[in-house]
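Below you'll find the structure, written out as structure tokens, and then a few comments.
The values are calculated or read from the model by the stated rules, or taken from the named source; none is laboratory data. Values in this document were obtained by computation on a predicted structure and should not be read as measured data. Reconstructed Cβ throughout: ideal geometry from the backbone, glycine too, with neighbour counts over all protein chains shown.
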Amino acid sequence: MTKDKEWLTEQLSNIYAQNPYIKLLGIRIIKVDDGQAELSMPVVADKHTNLYHVAHGGALASLADTAMGIACAATGKQVVTLEMNMNFIKSAVPQSEIRGMGRIIHNGKSTMIAEGEIIDSHNTLIAKMRGTFFVTGKFSDL
């Protein structure tokens, strides 16, 4: 990772560390690149799971939305989610880490489109997602 990419990852990590929901879920930024992001989240049995003892779809959707949102933020733009769809492929059992990756496929002036995937600790595909984001401004610190 280059120095600029390390700086960007650090800056976005600092911004998102202030988000109480991100802290609650234990989402952590692994790396940020130009229009791309990779995040991790543990699947804790008494925190992230549903009645079937697998990751709750809402927890997975939160990881997906955040990964795609940070991919948008990696361009220096602040966004809010307009629409998101997600295909759940396989259950995520409790484990130390699952990863969510997002990448920009359209970087417009007022909207952005991102896609991504969630994989488990064995690199098994858990979910695929796509979202449309509305640009609300720019990150002044970036």
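Residue check: residue 34 meets all listed conditions (1) surrounded by 15 or more Cβ atoms within 10 Å (Cβ to Cβ); (2) closer than 20 Å to residue 137 by Cβ but one, namely (1).
Condition first: closer than 20 Å to residue 5 by Cβ and in contact (Cβ under 8 Å) with a residue 60 or more places away in the chain. Can you find one or more residues in segment 115-132 that meet it? Within segment 115-132, not a single residue is closer than 20 Å to residue 5 by Cβ and in contact (Cβ under 8 Å) with a residue 60 or more places away in the chain. Restricting segment 101-139 to residues that are of a type in the set (Ser, Thr, Tyr) and over 14 Å from residue 78 (Cβ atoms), the residue that is surrounded by the most Cβ atoms within 10 Å (Cβ to Cβ) is 132.
Restricting attention to segment 1-11, the residues being β-branched (Val, Ile, Thr) and surrounded by 19 or more Cβ atoms within 10 Å (Cβ to Cβ) number 1.
Specify the residue that is surrounded by the most Cβ atoms within 10 Å (Cβ to Cβ); the eligible residues are those in segment 12-29 that are closer than 18 Å to residue 77 by Cα and in contact with a strand residue (DSSP E or B) (Cβ under 7 Å, 6 or more places away or on another chain). Residue satisfying both the conditions and the ranking: 29.
Name the strands (runs of 3 or more DSSP E) wholly within segment 24-142 that hold at least 3 residues that are at pLDDT below 95 and over 15 Å from the mean Cα position of the chain (by Cα)? Walk me through it before giving the result.
Working: elements: 28-33, 36-43, 77-88, 95-107, 111-119, 125-138.
In segment 24-142, no matching strands (runs of 3 or more DSSP E) lie anywhere.
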